[in-house]
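First the structure, in the form of structure tokens, and then the observations on it.
Just so you know, all these numbers are worked out from the coordinates, no wet-lab data involved. Please read all numbers here as calculations on a predicted model, not as lab measurements. For neighbour counting, all protein chains shown are included, and Cβ atoms are generated from backbone atoms with ideal geometry for every residue, glycine included.
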Amino acid sequence: MSSVPSTSAVPQHVLPSYLQADHLGPWGNYLKQVDRVTPYLGHLSRWVETLKRPKRILIVDVPIEMDNGTIAHFEGYRVQHNLSRGPGKGGVRFHQDVTLSEVMALSAWMSVKNAAVNVPYGGAKGGIRVDPKKLSRAELERMTRRYTSEIGLIIGPTKDIPAPDVNTNGQIMAWMMDTYSMNTGSTATGVVTGKPVDLGGSLGRNEATGRGVFTVGVEAAQHLGLKIEGARVAVQGFGNVGGTAGRLFADAGARVVAVQDHTGTLYQEAGMDVPALQAHVQQTGGVAGFAGAEVLAHEAFWGVPCDILIPAALESQITADNADQIQARLIIEGANGPTTPEADDILHDKGVLILPDVIANAGGVTVSYFEWVQDFSSFFWSEEEINARLVRIMKEAFAGIWQVAQEHQVSLRTATFIVACTRILHAREMRGLYP
Ligand code: NAD
């Protein structure tokens with residue numbers, strides 16, 4: 001008798017320990033979301049395991065020489081969750097709390113998001129575990145370039161296209177594009193999106209995510225019979241996404257009554273002067289010290305009287321501990337993964353409508369797609385054209401998802417996952433398994 005164990009004794013669907021749900025933070029939350037959608041996938045549920053395993057995980061050491069002559073090592077990641085519908089696409093985050101679980105979850109949400117708005121990409125994400133505010137500009141550049149070289153093995157204009165996320169911006173993208181181009185011997189503008197406009201970036205990209213948040217937020221508010229004019233809006237995170245969304249809501253007549261960022265929490269019943277607050281954040285690095293607003297304790301933010309709440313900072317902010325305090329009728333998830341599944345249930349029972357991240361913040365990747373298309377054709381569009389196309393895609397995606405939610409009587413999150421996972425797994429099925 002052969003001593004080789006029979007392959008049939010090998011459990012078929014046991015996830016590697018580092019992919020299991022229980023102690024995995026954001027990745028665990030994502031796995032629970034996939035479980036919720038599986039009953040709606042029909043015959044495609046046969047392929048659902050493919051959504052529970054990132055296709056490719058790259059962990060890199062990023063050593064740099066600091067300005068004082070010492071050598072520092074940073075931990076970097078690039079995860080390609082699913083490439084069935086096209087090249088990987090997703091941002092790069094520089095933050096001291098970045099973990100593999102977080103990057104895996106963010107990459108998976110990119111797969112779902114890209115499919116939800118039907119742009120021809122798979123999902124990917126990257127990050128470095130670093131507090132970039134503690135680096136000099138020269139150190140930041142060296143770290144960005146070394147990280148780009150290390151992940152250069154798997155990125156490229158037709159393979160995987162990074163973009164900005166928390167604490168990364170157009171300058172970081174310019175260094176990434178230059179590094180990749182130097183390593184490959186020709187200028188490759190299409191290797192990253194969110195670049196400065198003078199380097200092949202797209203008009204409208206900076207504001208695209210906030211504009212998408214606003215666009216689908218207005219659509220959802222209409223279904224609730226909630227008027228934007230005079231509506232009270234609370235925004236957590238006043239950076240690229242939260243600042244832009246807050247300004248667009250204020251421009252439309254809403255009152256931004258509360259804001260919170262890493263420097264403080266402010267409240268102003270009459271509504272804040274949002275452009276002035278944005279200028280203050282630009283100058284000082286945060287909302288703290290903005291004149292005229294009342295300062296609140298950090299935890300008080302969740303209980304402020306408001307109609308619309310926009311979490312636009314980091315994940316796992318709305319939890320079972322604070323969901324009960326929330327007074328908003330509509331939550332628009334500007335951030336990725338801001339609501340835990342437990343909080344989702346509490347809010348659903350309270351009758352709060354949640355516009356999930358995977359559709360609400362898809363405006364950024366939609367204009368990133370426009371940028372990539374413009375780079376390939378070296379033909380650039382006007383800002384009006386870009387905004388009009390963005391609004392059209394966001395409204396169409398929202399309408400389709402709303403319809404699926406009504407049809408199956410499920411939350412907008414589950415509806416978005418139904419639409420997106422069906423597209424991903426249909427592509428997976430048509431391509432077939434290699435070999
Ligand atoms: P950003 O760096 O411009 O802003 C982040 C904001 O969050 C800052 O105001 C910061 O002070 C605040 N913040 C950080 N820690 C906080 C804390 N503990 N409590 C309260 N506030 C805190 O980043 P961004 O690009 O605006 O991204 C914000 C979120 O939106 C992230 O979840 C990101 O993944 C998501 N997102 C961004 C884009 C994009 O195009 N930039 C696209 C889709 C999703």
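Observations, loosely collected:
- Of all DSSP beta bridges in the chain, antiparallel share, percent nearest 5: 50
- Relative to the current alpha-carbon distance between Q325 and L199, full extension at 0.36 nm per residue lengthens the span by 40.8 nm.
- E65-K350 pseudo-label distance in nm [points 7 Å out on the Cα-to-Cβ vector]: 5.5
- Taken one residue at a time, the phi angles of segment 226-238 give Karplus couplings (6.51, -1.76, 1.60, θ = phi - 60°) of 9, 7, 6, 5, x, 5, 8, 10, 10, 10, 9, x, 10 Hz. Gly and Pro are set to x.
- Over 23 Å between alpha carbons, listed pairs K55/K113; K55/K89; K32/K55; K113/K227: K113/K227
- At R0 = 45 Å, FRET efficiency that the Cβ-Cβ distance of Q406 and A72 yields, to 0.05: 0.25
- Pairwise label distance in nanometres, E294 with A399, each label 7 Å out on the Cα-Cβ vector: 4.3
- Full-extension gain in nm, S45 to A252, via 0.36 nm per residue minus C-alpha separation: 70.3 nm
- Between T265 and L296, the built amide H atoms are under 5 Å apart, and every one of these is 5 or more places off in sequence or on another chain.
- Per-residue packing, averaged as other Cβ atoms within 10 Å, sorts the ranges 282-293, 298-309, 404-415 into the order 298-309, 404-415, 282-293, beginning with the highest.
- Gain on full stretching of the segment that runs from A388 to H223 - 0.36 nm per residue minus C-alpha separation: 57.2 nm
- Scanning residues 5 or more positions from I354 or on other chains, those with amide H under 5 Å from its amide H are I331, L412, with H placed 1.01 Å from N in the peptide plane.
- Simple label model, 7 Å out from Cα along Cβ direction - Q96 to Q283, nm: 2.7
- Aspartates and glutamates with Cα under 15 Å of K350, excluding same-chain neighbours fewer than 8 positions away: D307, D321, D324, E342
- Working note: Debye formula, equal point scatterers on the alpha-carbon atoms of the chain, no solvent; log10 I(q)/I(0) at q = 0.08, 0.10, 0.11 Å⁻¹ is -0.43, -0.68, -0.83.
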